[in-house]
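A.B. asks: There's a structure below that I have some questions on.
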Amino acid sequence: MLKIFQTRTIIFLLFTMATLALKSQTPTNSGISPADKSKIDNLLKTMTLDEKIGQLSLFTSDWDVTGPTLNSNYKNLIKEGKVGAIFNAYTVDYVRELQKLAVEESRLKIPLIFGYDVIHGHRTIFPIPLASACSWNLAAIEQSERIAACEASAEGINWTFAPMVDIARDPRWGRVAEGAGEDTWLGCRIAEARVKGFQGLNLKDNNTILACAKHFAAYGAAQSGRDYHTVDISQLSLYEWYLPPYKACIDAGVGSVMTSFNEIAGIPSTSNKWLLTDLVRKDWGFKGFVVTDYTSINELVNHGVARDNKDAAMLSLNAGVDMDMQGSTFLDYLSDLLKEKKVTIEAIDNAVRVILEAKAKLGLFEDPYRYCNKERQEKEIMATENLAFARKLVSESCVLLKNDKQTLPIPADVKTIAVIGPLGDSKKDMLGNWSAAGQWEKCVTLVEGLKNKLKGKVEIIFEQGCNANDENRSGFAAAVKLAEKADFVILALGENGWMSGEASSRSSIDLPGVQNELTAEIMKTGKPVAVVLFNGRPLAITKLHSLAPAILETWFGGTEAGNGIADVLMGDVNPSGKLTMTFPQNLGQIPIFYNAKNTGRPYRTTDPNAKYVSRYLDVSNDPLFPFGYGLSYTKFSYSGLETKVDGNKIQITIKVANTGIRDGEEVVQLYIQDKVGSITRPVKELKGFQKVLIKKGETKTLVFNLTLDDLAFYHPDLKKFWEPGEFVVYVGTNSAETISKTIKVL
Ligand code: NOJ
């Protein structure tokens, strides 16, 4: 009896001790432990004003400068305790060298955070974000960021300036390449996946890195698609379309937020108190830190809201900025501004606190070198499994835009394949923009990918034919001659990698240079031809579409581009990618996106000549390829749409059959239209999707479960709720080809 009692007591005591231990580790509401909190409290008491301001300053190293100015004095500043974080520095040796300056030579030994633009991979470069979004594979997207975080953190980096979650509807804007496309709902899901991938389960793990939701806010709505240009949108549009992906990042626990370069309705984001304090901190409960974009504080002078850099520093700190990227304005002026009572010590302390908290969350106080591990650097960077995963993601990101007469996959009995075009064997272009520490020399081109795959079986011959972006036709003759020798021709066309990304807007989004002409010449040979497109934005390829029987959109695939594309071209992978941004017929249709409003005078295709309706005289309203579009080597047919409304739940059931000749994955998309609202609603809104493998001859029944919250939208008073009435449920293979049913929700 006594024994049982003793055993029970011991178990009870152990349990109580474990609970107490857990309690003492329970993070505070900012996500840090009480021990870290008291460390930070103590530090704040010990720090001089200069040291505090130092924590608010971020400088680039002189390695990979990603903006206009460089402060070459950064090493001395680190020693003086005047730097909180460094970006554009990586490798174990270099990060160690800089971290040593902070933790051995500065007075308080506060470790630095190391940031970098790990946008689509670190050393193993994955497809550009717009491309991986087209995979509609959230698990794969998350995994790509997991790998990126593992590689980056193995080289000293612990903070990435990603994900970029700006919704964009204008393909002239070069930065559409960095985002997930035009849709807000999908953008939110992808944003969550990317944050989870980077940050993992515990930021203290040495293979997880702090993410940064950018560019806050609405950077993607730049007027005329010109980078850094003005944004002027209604509050309602801001709430409904542009803000949710940033909020999704915050709900997923993102550690930092970056302000955008643009203004919104007259107020630049970097001095926008409503955005940086009221919305993100008070309404959304953000507990991390706000960093500016590169010299954005100084740019307040150009914007015309600050007289000089000092004024700009005041506006930004008071608006809620915690860290100045590269502008040195906090370092130069906060101390004087405090003396002049233009900023408060509370505002400075609050900013210091959130930055120190980030350092604590990353475990840097315990071990400032925890991300500097030579063994990991050697083992994990570009590991075989990372490359294998990258190859898979390349093939999943490809979107088959056209495939007349089953031109693709390339028949297995061809003896010679001619690759023709400026992008066919160009390693440098494969990385696309923001390729972090990716090495272009290690990229696999399309020619190399085909050679790797078809070694000894098929001869691969190559001619460039022309450059991507000039008028030189002198290579046409050789290209035609080469095509004549081949059984199959692949035209590798598109944009150079540098033609999208930051500061890379285009006023024409046609296929640049003389590539359409080259295509016309090659088509005259009568050979079977497929176009493989490389580009960082939707292009207006109506001309190309009229010339070529098959077009495979591959974007910029990164390190494994050629291998992944070859898998699709030869039919080992059945393409399943779907566009996340509409392809217009021509530039004049821009902005064109699937979730537009009906207008009071909608154009109906049943009355093609109608006047006084919302249309153009010279082009239809249809896009060339709609949102959600992408073909497969097999065929899918949709039937049996059923809906059930039960209390708060809406259940939608659909049968999808693979009626073609091979197994394939289909992205089954669910859209809703609210037929009558107190304010106008879009003609369709994506509310769900499922990516499923359906074997040839097989039919799968898929069930989607929505709740009434999925019908909610923002109202003019910025409250979000749904309104009873009729809703059309659409299910289909893309946003334009759907079957539908009307439901009543009362
Ligand atoms: C400017 C870009 O807008 C931003 O996306 C990037 O993270 C920073 N430069 C740092 O390189």
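A.B. asks: Considering 282, 273, 310, 287, which residue is out of contact with any helix residue (DSSP H, G or I) (no Cβ under 9 Å at 6 or more places or on another chain) and not aliphatic (A, V, I, L, M)? Before the answer, list the steps.
C.D. replies: Values: 273 fails: out of contact with any helix residue (DSSP H, G or I) (no Cβ under 9 Å at 6 or more places or on another chain); 310 fails: out of contact with any helix residue (DSSP H, G or I) (no Cβ under 9 Å at 6 or more places or on another chain); 287 fails: out of contact with any helix residue (DSSP H, G or I) (no Cβ under 9 Å at 6 or more places or on another chain).
Going through 282, 273, 310, 287 in turn, the sole match is 282.
A.B. asks: Another one. Name the pairs whose Cβ atoms lie under 6 Å apart, with the first residue in the range 253-278 and under 19 Å from residue 58 (Cα atoms), the second of a type in the set (Phe, Trp, Tyr) and within 12 Å of the ligand (Cβ to nearest atom), and 6 or more positions between them or separate chains?
C.D. replies: Note: pairs meeting the criteria are 257/216; 259/216; 260/216; 260/219; 261/228.
A.B. asks: Tell me, which strands (runs of 3 or more DSSP E) wholly within the range 609-689 include 3 or more residues that are buried (at least 21 other Cβ atoms within 10 Å of the Cβ), in contact with a strand residue (DSSP E or B) (Cβ under 9 Å, 6 or more places away or on another chain) and touching a residue at least 60 places away in the same chain (Cβ under 8 Å)?
C.D. replies: 649-658, 664-674
A.B. asks: Determine if the range 510-527 includes at least one residue that is of a type in the set (Val, Ile, Thr), at pLDDT 95 or above and touching a His at 6+ places or on another chain (Cβ under 8 Å).
C.D. replies: No, the range 510-527 has no match at all.
A.B. asks: Also: Right, residue 237: over 17 Å from the mean Cα position of the chain (by Cα), more than 16 Å from the ligand (Cβ to nearest atom) and buried (at least 24 other Cβ atoms within 10 Å of the Cβ) or not?
C.D. replies: The answer is no for residue 237.
A.B. asks: Follow-up question, since we're still on this one. Quick check on residue 537: is it basic (Lys, Arg) and crowded, with 23+ Cβ neighbours inside 10 Å?
C.D. replies: The answer is yes for residue 537.
A.B. asks: Kindly state which helices (runs of 4 or more DSSP H) lie completely within the range 322-389 and contain at least 3 residues that are touching an Asp or Glu at 6+ places or on another chain (Cβ under 6 Å) and within 16 Å of the ligand (Cβ to nearest atom).
C.D. replies: none
A.B. asks: Within the set of pairs 6+ apart or on separate chains, which have a first residue in the range 223-252 that is closer than 24 Å to residue 509 by Cα and without any contact (Cβ under 8 Å) to a residue 60 or more places away in the chain, a second that is surrounded by fewer than 19 Cβ atoms within 10 Å (Cβ to Cβ) and hydrophobic (A, V, I, L, M, F, W, C), and C-beta atoms under 6 Å apart?
C.D. replies: Pairs found: 232/265.
A.B. asks: Now for a different question. Of the residues 484, 441, 502, 448, only one is within 16 Å of the ligand (Cβ to nearest atom) and charged (D, E, K, R); which?
C.D. replies: Only one candidate passes the filter, namely 502.
A.B. asks: Is it the case that residue 602 is surrounded by 13 or more Cβ atoms within 10 Å (Cβ to Cβ) and under 23 Å from residue 681 (Cβ atoms)?
C.D. replies: Yes: the conditions hold for residue 602.
A.B. asks: Looking at the range 285-298, I want the residues that are of a type in the set (Phe, Trp, Tyr) and have a partner that is at pLDDT below 95 with Cβ atoms under 6 Å, at least 6 apart or on another chain. Which pairs are those?
C.D. replies: Going by the 6 Å Cβ cut-off, the qualifying pairs are 294/67.
A.B. asks: Would the range 306-315 turn up any residue that is assigned to a loop (DSSP other than H, G, I, E, B), under 17 Å from residue 351 (Cα atoms) and more than 23 Å from the chain's Cα centre (by Cα)? Let's see the steps before the verdict.
C.D. replies: If we filter the range 306-315 for residues that are assigned to a loop (DSSP other than H, G, I, E, B), which is where we start, we get 306-308.
Now restrict to residues that are under 17 Å from residue 351 (Cα atoms): none.
Looking for residues that are assigned to a loop (DSSP other than H, G, I, E, B), under 17 Å from residue 351 (Cα atoms) and more than 23 Å from the chain's Cα centre (by Cα), one finds none in the range 306-315, hence no.
A.B. asks: Criterion first (over 21 Å from residue 557 (Cβ atoms) and modelled with pLDDT of 95 or more) does residue 422 satisfy it?
C.D. replies: no
A.B. asks: Tell me whether the range 330-351 contains one or more residues that are under 30 Å from residue 92 (Cβ atoms) and either at pLDDT below 95 or out of contact with any Leu (no Cβ under 6 Å at 6 or more places or on another chain) (or both).
C.D. replies: Checking the range 330-351: at least one residue is under 30 Å from residue 92 (Cβ atoms) and either at pLDDT below 95 or out of contact with any Leu (no Cβ under 6 Å at 6 or more places or on another chain) (or both).
A.B. asks: Follow-up. Answer yes or no as to whether residue 398 is touching a residue at least 24 places away in the same chain (Cβ under 8 Å), touching a Lys or Arg at 6+ places or on another chain (Cβ under 8 Å) and not small (Gly, Ala, Ser). Even if it seems obvious, please write down each step before you answer.
C.D. replies: Numbers: touching a residue at least 24 places away in the same chain (Cβ under 8 Å): yes; touching a Lys or Arg at 6+ places or on another chain (Cβ under 8 Å): no; not small (Gly, Ala, Ser): yes.
In short, no.
A.B. asks: Working only within the range 64-84, note down all residues that are within 13 Å of the ligand (Cβ to nearest atom) and of a type outside the set (Gly, Ala, Ser). If you could, list the steps in order and put the result at the bottom.
C.D. replies: Just the residues of the range 64-84 that are within 13 Å of the ligand (Cβ to nearest atom), to begin with: 64-70.
Once the filter is applied, which keeps residues that are within 13 Å of the ligand (Cβ to nearest atom) and of a type outside the set (Gly, Ala, Ser), the range 64-84 yields 64, 65, 66, 68, 69, 70.
A.B. asks: Just a yes or no: is a residue in the range 291-298 within 16 Å of the ligand (Cβ to nearest atom) and of a type in the set (A, V, I, L, M, F, W, C)?
C.D. replies: Within the range 291-298, the first condition is being within 16 Å of the ligand (Cβ to nearest atom), and the residues that meet it are 291-298.
Subset that is of a type in the set (A, V, I, L, M, F, W, C): 291, 297.
Yes; the residues of the range 291-298 include at least one that is within 16 Å of the ligand (Cβ to nearest atom) and of a type in the set (A, V, I, L, M, F, W, C).
A.B. asks: Here is a further query. Against the condition more than 30 Å from residue 666 (Cα to Cα), of a type in the set (Phe, Trp, Tyr) and either surrounded by 21 or more Cβ atoms within 10 Å (Cβ to Cβ) or within 16 Å of the ligand (Cβ to nearest atom) (or both), how does residue 87 come out, does it pass?
C.D. replies: yes
A.B. asks: Is it the case that some residue within the range 468-480 is within 24 Å of residue 125 (Cβ to Cβ) and either acidic (Asp, Glu) or surrounded by fewer than 21 Cβ atoms within 10 Å (Cβ to Cβ) (or both)?
C.D. replies: Within the range 468-480, one or more residues are within 24 Å of residue 125 (Cβ to Cβ) and either acidic (Asp, Glu) or surrounded by fewer than 21 Cβ atoms within 10 Å (Cβ to Cβ) (or both).
A.B. asks: May I pose another question? Can you tell me which residue within the range 203-225, out of those that are within 16 Å of the ligand (Cβ to nearest atom) and in a helix (DSSP H, G or I), is farthest from residue 625 (Cα to Cα)? Outline the logic, then answer.
C.D. replies: Start the filter on the range 203-225 by keeping residues that are within 16 Å of the ligand (Cβ to nearest atom), which leaves 209-222, 225.
Right, trim to in a helix (DSSP H, G or I) and you get 219-221, 225.
Values: 219: 25, 220: 21, 221: 21, 225: 20 Å.
Ranking the candidates gives 219 first.
A.B. asks: Looking only at helices (runs of 4 or more DSSP H) that lie completely in the range 55-141, which have at least 1 residues being over 30 Å from residue 693 (Cβ atoms) and charged (D, E, K, R)?
C.D. replies: Working: elements: 74-79, 92-100, 129-133.
Here the list reads 74-79, 92-100.
A.B. asks: Another one. Please specify each residue of the range 490-508 satisfying the condition of being surrounded by 24 or more Cβ atoms within 10 Å (Cβ to Cβ) and farther than 24 Å from residue 117 by Cβ.
C.D. replies: 490, 491, 492, 493
A.B. asks: Being part of a helix (DSSP H, G or I), within 13 Å of the ligand (Cβ to nearest atom) and in contact with a Ser or Thr (Cβ under 7 Å, 6 or more places away or on another chain) is the filter here; which residues of the range 151-202 pass it?
C.D. replies: 174, 177
The values are calculated or read from the model by the stated rules, or taken from the named source; none is laboratory data. Since this is a predicted model, take the numbers as computed values, not measurements. Here Cβ is always computed from backbone atoms with ideal geometry, including for glycine, and neighbour counts include all displayed protein chains.
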